[in-house]
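Following: one structure in structure tokens, then a few remarks.
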Amino acid sequence: MTMIWPIAITILILFVPRGMILLSDRHTLFRMLSPVFLCYLSGFLFSFIIPDTAFAMRLSEVLVPVAIPLILFTADLKSIRRLARPILVSFFLICLPVCLCRLLAGILSVQGTDP
């Protein structure tokens, strides 16, 4: 029984992403959710079903570093260069309220304490 789980996990890792791509090609709901989200969701659900997660952890320690360069090789760097300014502006617009809220929380928490 212990040898079945590593084989099942390997089969799931190999075939679930392809199944999610096929599902998103055929159904608009799955297309809207995207195959990446569906793979994350299926991995989350399988983590509750499969009892032996040590093998999956060892396998993911190898597959994730391999997957990151493959994703970056397919990136369109010219379009990212065009989007750099709007991305930076929106990042700073998000950081500003966070910093202000943190400052306000710090001031309020200091006022409520006795030295």
Per the list (1) among the hydrophobic types (A, V, I, L, M, F, W, C); (2) closer than 30 Å to THR2 by Cα; (3) touching a Leu at 6+ places or on another chain (Cβ under 6 Å), residue check on PHE30 breaks on (2)
Considering only region 69-101, state which residues are under 30 Å from ILE13 (Cβ atoms) and either surrounded by 10 or more Cβ atoms within 10 Å (Cβ to Cβ) or charged (D, E, K, R) (or both). ASP76, ILE80
Any residue in region 81-92 that's polar (S, T, N, Q) and at pLDDT 90 or above: show its pairings with residues that are outside any helix (DSSP H, G or I) and open to solvent by less than 100 Å² (accessible area, probe 1.4 Å) at Cβ separation under 9 Å, as long as the two are six or more apart or on different chains. none
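For region 41-60, which positions are within 19 Å of the chain's Cα centre (by Cα) and either surrounded by 13 or more Cβ atoms within 10 Å (Cβ to Cβ) or farther than 26 Å from LEU22 by Cβ (or both)? It would help to see each step written out before you state the result.
Step one: of region 41-60, the residues within 19 Å of the chain's Cα centre (by Cα) are 41-48, 53, 56-60.
Matches in region 41-60: SER42, GLY43, PHE46, THR53, ALA56, MET57, ARG58, LEU59, SER60.
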Can you say whether ILE13 is at pLDDT below 85, open to solvent by less than 100 Å² (accessible area, probe 1.4 Å), touching an Asp or Glu at 6+ places or on another chain (Cβ under 9 Å) and not polar (S, T, N, Q), as far as the supplied structure shows? no
Close pairs (8 angstrom Cβ cut-off, 6 or more residues apart or separate chains): within 20 Å of MET3 (Cα to Cα) in region 41-67, open to solvent by 80 Å² or more (accessible area, probe 1.4 Å) anywhere: ASP52/THR2
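The values are calculated or read from the model by the stated rules, or taken from the named source; none is laboratory data. Computed from a predicted model, the values in this text were never measured in an experiment. A quick note on method: Cβ atoms are made from the backbone with ideal geometry, for glycine too, and the neighbour counts reach across all protein chains shown. Heads up: the accessible areas ignore ligands, DNA and RNA and are worked out on the full protein's heavy atoms, side chains in. Shrake-Rupley method; radii C 1.70, N 1.55, O 1.52, S 1.80 Å.
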